[in-house]
Structures are given as C-alpha cells and as structure tokens.
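Data block below; observations after.
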Amino acid sequence: MKTVKAKASFVHNSPRKLRLVLDAVRGLTPTEAIASLKLLPQRAAEPILDVMQQAVGNAKNNFQ
C-alpha cells in the first residue's frame, strides 16, 4: 500500500487543538475520516478536512 502525503501551510490554530481532532480520526479509512471531520464541531476540523480531501485527490491522480 502506497502512502500519500499532503501538507497545509499557514494554519491559524494551535497544535494542541489540531492534535485533538487528529487523534479522533487517526486510524480511520479516508472516507470515514472525511465523514467524521464534517460532523465534528471543533474549528480545527476545517483545515484538517481540507488536507484530507487534497490527499485523496492526489492519490486519485497519482495512482490511477
């Protein structure tokens, strides 16, 4: 299984708040993670959702 990386710059949230959201979705499949990020009330979920969608798009483009 190949890994895909995506990176976000200039995210205006504290690392601790981002880490709390990341711990909630770590270990899930990408589709499950995106679905759960859309439902989370934390403001830190928005930039993580963007990066997850970018990673899925990169994977579709690079591994077809």
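The values are calculated or read from the model by the stated rules, or taken from the named source; none is laboratory data. Note that the structure is a prediction, hence the values are computed from the model and not measured. Backbone-built Cβ (ideal geometry, glycine too); neighbour counts: all protein chains shown. Accessible surface areas use protein heavy atoms only, side chains included; no ligands, DNA or RNA. Shrake-Rupley method; radii C 1.70, N 1.55, O 1.52, S 1.80 Å.
Is there a residue being modelled with pLDDT of 95 or more, of a type outside the set (Gly, Ala, Ser), outside any helix (DSSP H, G or I) and loosely packed, with under 14 Cβ neighbours inside 10 Å anywhere in segment 45-63?
Within segment 45-63 (the criterion being modelled with pLDDT of 95 or more, of a type outside the set (Gly, Ala, Ser), outside any helix (DSSP H, G or I) and loosely packed, with under 14 Cβ neighbours inside 10 Å), the answer is no, since none of the residues qualifies.
Could you please tell me which pairs satisfy a Cβ distance under 8 Å, a separation of 6+ or placement on different chains, a first residue in segment 43-64 that is within 17 Å of residue 13 (Cβ to Cβ), and a second residue that is surrounded by fewer than 16 Cβ atoms within 10 Å (Cβ to Cβ) and of a type in the set (Val, Ile, Thr)?
Within 8 Å, the pairs are 47/11.
What are the pairs with Cβ atoms under 6 angstrom where one residue, in segment 22-35, is within 15 Å of residue 47 (Cα to Cα) and the other, located anywhere, is open to solvent by less than 60 Å² (accessible area, probe 1.4 Å) and among the hydroxyl-bearing types (Ser, Thr, Tyr)? Sequence gap at least six, or different chains.
Pairs that qualify, where the first residue is within 15 Å of residue 47 (Cα to Cα) and the partner is open to solvent by less than 60 Å² (accessible area, probe 1.4 Å) and among the hydroxyl-bearing types (Ser, Thr, Tyr), are 25/36.
Taking segment 32-44, which residues are open to solvent by less than 80 Å² (accessible area, probe 1.4 Å) and touching a helix residue (DSSP H, G or I) at 6+ places or on another chain (Cβ under 6 Å)?
Within segment 32-44, 33, 34, 36, 37, 44 meet the criteria.
Show the residue pairs that are 6+ apart or on different chains and have beta-carbon atoms under 8 Å apart, the first residue being within segment 1-20 and under 12 Å from residue 55 (Cα atoms) and acidic (Asp, Glu), the second being open to solvent by 100 Å² or more (accessible area, probe 1.4 Å) and modelled with pLDDT of 95 or more.
none
What residue, of 29, 3, is hydroxyl-bearing (Ser, Thr, Tyr) and open to solvent by 100 Å² or more (accessible area, probe 1.4 Å)?
Among 29, 3, only 3 is hydroxyl-bearing (Ser, Thr, Tyr) and open to solvent by 100 Å² or more (accessible area, probe 1.4 Å).
Whether any residue in segment 8-24 is of a type in the set (Phe, Trp, Tyr) and either on the phi > 0 side of the Ramachandran plot or surrounded by 14 or more Cβ atoms within 10 Å (Cβ to Cβ) (or both) is what I want to check. So that I can check it myself, show each step before the final result.
Within segment 8-24, the subset of a type in the set (Phe, Trp, Tyr) is 10.
Adding the requirement that they be either on the phi > 0 side of the Ramachandran plot or surrounded by 14 or more Cβ atoms within 10 Å (Cβ to Cβ) (or both) leaves 10.
Yes: segment 8-24 contains one or more residues that are of a type in the set (Phe, Trp, Tyr) and either on the phi > 0 side of the Ramachandran plot or surrounded by 14 or more Cβ atoms within 10 Å (Cβ to Cβ) (or both).
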